[in-house]
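The values are calculated or read from the model by the stated rules, or taken from the named source; none is laboratory data. Keep in mind it's a predicted model, so treat the numbers as computed, not measured. Ideal geometry is used to build each Cβ from the backbone, glycine not excepted, and the neighbour counts take in all protein chains shown. Surface areas here come from the heavy atoms of the whole protein model, side chains and all, with no ligands, DNA or RNA. Shrake-Rupley method; radii C 1.70, N 1.55, O 1.52, S 1.80 Å.
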Amino acid sequence: MADQVARFANAQATNHTRYLDISTVYDGSFLAGKRVLVTGGEQNLGLETIKEVVKNGGFAICASRTTTPELDAEIAKGNIQLISGIDVTDDECMKKLTDEVGEPIDLLINNAGYFYGPAESVGVGREGHLNFKQELLMIDICAVGVLRVTSALYTAGKLVRGGQPGKVVIITSQAGSCQWRFTQNAAPELGQEFHGNYGHHMSRAACNIMAVILSQELKPANIPVQLMHPGFNRTSMTQKYSHIWDIEGAVEASVGAKRVLFETAKLDMSRTGTFINTEDGLFIPW
């Protein structure tokens, strides 16, 4: 269901327990003994994912540009490795990443992302705003950056541990669905404000097509790749939409992390190359 408001209202009306309370179905025990690398793990969804990994007996590796006081507090508790200075748009950083990760990993969660603040539009019957440099930066971070990280780790032999192929999860967004644009970016009246957010949508669509191609190439290696929309999360990235958090069912990042990990537990080669909404477990159309 493309309409976010209607989707949440329907979940409430039908008492969709998995949608409304992921803790009723979530079991993180599969993470015990697993080595999990999370890009952009210093805050928001990434940090909450790292906390879940450690809570369930796994070892988390955070690859990020910097750290935060919140991440430092978790590192002090143990079972978290920080690889700082990792910019997913920088080719030179990839050697640092593969050198410092050490032992191969069981799971890669490509979480690093960027959403430019001001609303973008061409401007029909009113003044518009487009920032092409920021659009290209979003594409580099959210699409090319994922490929840059994943290919570097695979080439370095870090995605197979103890003879067992790892898994690749890519945090994307329903914003990358072309079909859903006709609902979520409904045509405005002449002169009406329009939130086209071109860079955001282009970056996620680019990520999606990249991931499908990547899933095809990695099939012979038995490494599944899945795109996941983590739902609408109450984070600094979505703060500009805080006025619709409630009506659209936005959740805390800790809930979003459990949604992602719930689907990750089910990920195998039969689901590789798919695009899923972790709110309800349904596939999102391209």
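Among the residues of the stretch 222-239, how many are open to solvent by less than 50 Å² (accessible area, probe 1.4 Å) and either touching a strand residue (DSSP E or B) at 6+ places or on another chain (Cβ under 6 Å) or not in a helix (DSSP H, G or I) (or both)?
Keep residues of the stretch 222-239 that are open to solvent by less than 50 Å² (accessible area, probe 1.4 Å), which gives 223-233, 235, 238.
From what is left, the residues that are either touching a strand residue (DSSP E or B) at 6+ places or on another chain (Cβ under 6 Å) or not in a helix (DSSP H, G or I) (or both) are 223-233, 235.
Summing the residues that are open to solvent by less than 50 Å² (accessible area, probe 1.4 Å) and either touching a strand residue (DSSP E or B) at 6+ places or on another chain (Cβ under 6 Å) or not in a helix (DSSP H, G or I) (or both) in the stretch 222-239 gives 12.
I'd like to verify a number: residues in the stretch 170-204 that are loosely packed, with under 15 Cβ neighbours inside 10 Å and among the hydrophobic types (A, V, I, L, M, F, W, C), how many?
5
Does residue 167 meet the test of being touching a strand residue (DSSP E or B) at 6+ places or on another chain (Cβ under 6 Å) and crowded, with 19+ Cβ neighbours inside 10 Å? Show your work before the answer.
Details: touching a strand residue (DSSP E or B) at 6+ places or on another chain (Cβ under 6 Å): yes; crowded, with 19+ Cβ neighbours inside 10 Å: yes.
Answer is yes for this residue.
State which residue pairs qualify: first residue without any contact (Cβ under 8 Å) to a residue 60 or more places away in the chain and inside the stretch 222-235, second residue of a type in the set (Phe, Trp, Tyr) and assigned to a loop (DSSP other than H, G, I, E, B) in any location, beta carbons under 9 Å apart, and separation of 6 or more residues or different chains.
Between residues of the stretch 222-235 that are without any contact (Cβ under 8 Å) to a residue 60 or more places away in the chain and residues that are of a type in the set (Phe, Trp, Tyr) and assigned to a loop (DSSP other than H, G, I, E, B), the close pairs are 234/245.
Picking from 32, 6, 13, 2, which residue would you name as being among the hydrophobic types (A, V, I, L, M, F, W, C) and surrounded by 15 or more Cβ atoms within 10 Å (Cβ to Cβ)?
On the way: 32 fails: surrounded by 15 or more Cβ atoms within 10 Å (Cβ to Cβ); 6 fails: surrounded by 15 or more Cβ atoms within 10 Å (Cβ to Cβ); 13 fails: surrounded by 15 or more Cβ atoms within 10 Å (Cβ to Cβ).
Only one candidate qualifies: 2.
What residue, among those in the stretch 240-259 that are in contact with a Gly (Cβ under 9 Å, 6 or more places away or on another chain) and in a helix (DSSP H, G or I), is surrounded by the most Cβ atoms within 10 Å (Cβ to Cβ)?
Here the residue is 257.
Taking the stretch 43-98 only, how many residues are on the phi > 0 side of the Ramachandran plot and open to solvent by 40 Å² or more (accessible area, probe 1.4 Å)?
Qualifying residue count, the stretch 43-98: 3.
Does any residue in the stretch 105-116 that is surrounded by fewer than 21 Cβ atoms within 10 Å (Cβ to Cβ) come within less than 7 Å, Cβ to Cβ, of a residue that is part of a loop (DSSP other than H, G, I, E, B) six or more places away or on a different chain, and which pairs are these?
Hits for this filter: 116/131.
Can you list residue pairs whose Cβ atoms sit under 6 Å apart, with the first residue in the stretch 26-38 being within 22 Å of residue 113 (Cα to Cα) and the second being assigned to a helix (DSSP H, G or I)? Count only pairs 6 or more apart in sequence or on different chains.
Sorted first by the residue in the stretch 26-38, then by its partner, the pairs are 36/53; 38/46; 38/49; 38/50.
Counting only residues that are outside any loop (DSSP other than H, G, I, E, B) and surrounded by fewer than 20 Cβ atoms within 10 Å (Cβ to Cβ), which one in the stretch 272-286 is nearest to the chain's Cα centre (by Cα)?
That would be 274.
Among the residues of the stretch 70-82, are any of a type in the set (S, T, N, Q) and more than 21 Å from residue 144 (Cα to Cα)?
yes
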